[in-house]
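K.L.:
Got a structure for you, questions after.
The values are calculated or read from the model by the stated rules, or taken from the named source; none is laboratory data. Everything quoted here is computed from the prediction, not taken from an experiment. In this analysis, Cβ positions are derived from the backbone assuming ideal geometry, glycine residues included, and neighbour counts consider all displayed protein chains. Calculation scope for accessible area: heavy atoms of the full protein, side chains included, ligands and nucleic acids excluded. Shrake-Rupley method; radii C 1.70, N 1.55, O 1.52, S 1.80 Å.
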There are 2 protein chains.
Amino acid sequence: MQQKNIPDIVVGRLPLYLRSLQRMSQEGRQVTSSQELGEKLGISAAQIRKDLSQFGEFGKQGTGYNIEYLVENLQHILHVDRTWDVAVVGAGDIGSAIARYQGFANRGFFVSMIFDNDPVRIGTKVGPFIVQDSRNMAEAIRASGIKVAMIAVPASTAQEVADELVKGGIQAVLNYAPISLNVPPEVQVQYIDPAIHLQRMTYYLG
Amino acid sequence: MQQKNIPDIVVGRLPLYLRSLQRMSQEGRQVTSSQELGEKLGISAAQIRKDLSQFGEFGKQGTGYNIEYLVENLQHILHVDRTWDVAVVGAGDIGSAIARYQGFANRGFFVSMIFDNDPVRIGTKVGPFIVQDSRNMAEAIRASGIKVAMIAVPASTAQEVADELVKGGIQAVLNYAPISLNVPPEVQVQYIDPAIHLQRMTYYLG
């Protein structure tokens, strides 16, 4: 199913398609169209058809897409037809909110470990998890086989944490610390920084 | 200073440049180059020079960029040489973490109001703020003149909240709910959804 050389910008749109389709499915819908998806997402119908056509033949001219079939295929393409265990580093406000967040369940992810370096936090509970000492993080992650992690520590220690995660065999990092990370090219990094998004909008405000 | 018709993708990179430059400035640095910035951000030096040249002449061939001067100019271009008050809607885990987050201070934003519709939360304190009843949100926001808001409510109520925010005069929305919003074209929306970022990475994992 997976094709080589799909542009990353196309890959980046697939999760948006999947999210909208899963929502329609939850609402009991069975069929949709590239027009409807496009209106919901602010993406042209032609773009959506072109993106999906790179992975297969999912709809018929005039009859639209079968939502369940497309959901299953997109989950397969994005490798979320399985559940990825996730390690969270940082048990402050953001890390704790992530660890308690219920919304990953049907989207392919399950937070299964949380680490911190603060003796006051180590051993306490965050949701159903005991906060573990981040000194043992690389070993614990390697032993567990976890490949996906989220960093929710201050900017000043985020690079150090990333280095440890890479040592532990992590292959994908979602970084909430407001700093760019240096990782080996085979490790994926994505960033969440609300101020970046806000500034991108205030550019357009008077 | 502000030019018309700058592509949105260029605008989207400016906050990343600003963040890196502010960090260098905090470290006591005075001069940088497009090469150094590019290495930190994983963006080519040529791209950075081209992006910045659309807004003015900020560096000299061979001597690089004066960090403080470029920070001031980027802050001006992005309209964060002022502080924007921000309303947060939703006083759950995510909304509370945002309201308590200290990292907006030097980046142009100040959370100044938090709303919820849950009687158990209304009137309680989140950081320094009293949670206000979201029934009065549109009026309270209009009275305050706030233009920027963050939505941290469940997907099922996010559109309703967005409609109220627009009624209150909000012009920029950062949406943490995992759903696409319909807003008038003059209102900016940006999204934060960790599962979207995670799925974009698992595509590349085996």
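K.L.:
Could you tell me whether segment B:9-17 includes any residue that is open to solvent by 70 Å² or more (accessible area, probe 1.4 Å) and either within 11 Å of another protein chain (Cβ to nearest Cβ) or not basic (Lys, Arg) (or both)?
P.N.:
yes
K.L.:
Could I ask something else about it? A:Ser156 fails exactly one of the following numbered conditions: (1) open to solvent by 10 Å² or more (accessible area, probe 1.4 Å); (2) part of a helix (DSSP H, G or I); (3) modelled with pLDDT of 95 or more. What is the number of that condition?
P.N.:
Going through (1) open to solvent by 10 Å² or more (accessible area, probe 1.4 Å); (2) part of a helix (DSSP H, G or I); (3) modelled with pLDDT of 95 or more one by one, A:Ser156 breaks only (3).
K.L.:
A further question follows. Output the number of residues of segment A:83-112 satisfying the condition of being within 9 Å of chain B (Cβ to nearest Cβ) and open to solvent by 70 Å² or more (accessible area, probe 1.4 Å).
P.N.:
Residues that pass the stated criteria total 2.
K.L.:
Is it true that some residue in segment A:2-16 is in a loop (DSSP other than H, G, I, E, B) and touching a His at 6+ places or on another chain (Cβ under 9 Å)?
P.N.:
Within segment A:2-16, one or more residues are in a loop (DSSP other than H, G, I, E, B) and touching a His at 6+ places or on another chain (Cβ under 9 Å).
K.L.:
Additional query: Sort through A:Ala152, A:Ala138, A:Ala143, A:Ala162 and tell me the only one that's in contact with a Leu (Cβ under 7 Å, 6 or more places away or on another chain) and among the aliphatic types (A, V, I, L, M).
P.N.:
Checking each option against the conditions leaves just A:Ala162.
K.L.:
From A:Gln26, A:Gln35, grab the single residue that is of a type in the set (S, T, N, Q) and within 12 Å of chain B (Cβ to nearest Cβ).
P.N.:
A:Gln26
K.L.:
Just checking, how many residues over segment A:38-51 are of a type outside the set (D, E, K, R), out of contact with any strand residue (DSSP E or B) (no Cβ under 9 Å at 6 or more places or on another chain) and either within 12 Å of chain B (Cβ to nearest Cβ) or open to solvent by 50 Å² or more (accessible area, probe 1.4 Å) (or both)?
P.N.:
Number satisfying all stated conditions: 6.
K.L.:
All but one of (1) within 11 Å of chain A (Cβ to nearest Cβ); (2) farther than 30 Å from A:Gln188 by Cβ; (3) aliphatic (A, V, I, L, M) hold for B:Ala140; which doesn't?
P.N.:
With respect to (1) within 11 Å of chain A (Cβ to nearest Cβ); (2) farther than 30 Å from A:Gln188 by Cβ; (3) aliphatic (A, V, I, L, M), B:Ala140 is out only on (1).
K.L.:
Working only within segment A:169-206, note down all residues that are more than 26 Å from B:Met150 (Cβ to Cβ), open to solvent by less than 20 Å² (accessible area, probe 1.4 Å) and free of Cβ contacts under 8 Å to residues at least 60 places away in the same chain.
P.N.:
Result: A:Gly169, A:Val187.
K.L.:
From A:Val161, A:Val148, grab the single residue that is at pLDDT 95 or above, more than 14 Å from chain B (Cβ to nearest Cβ) and within 18 Å of B:His197 (Cβ to Cβ).
P.N.:
From the options A:Val161, A:Val148, the qualifying one is A:Val161.
K.L.:
Look at segment A:164-187 and say how many of its residues are at pLDDT 95 or above and at the interface with chain B (Cβ under 7 Å from one of its Cβ atoms).
P.N.:
Adding up the residues that qualify gives 3.
K.L.:
Could you go through segment A:22-36 and let me know if any residue there is under 24 Å from A:Leu174 (Cα atoms) and open to solvent by less than 10 Å² (accessible area, probe 1.4 Å).
P.N.:
No - not one qualifying residue is present in segment A:22-36.
K.L.:
Taking the stated definitions as given, is A:Ser96 among the hydroxyl-bearing types (Ser, Thr, Tyr) and out of contact with any strand residue (DSSP E or B) (no Cβ under 9 Å at 6 or more places or on another chain)?
P.N.:
No: the conditions fail for A:Ser96.
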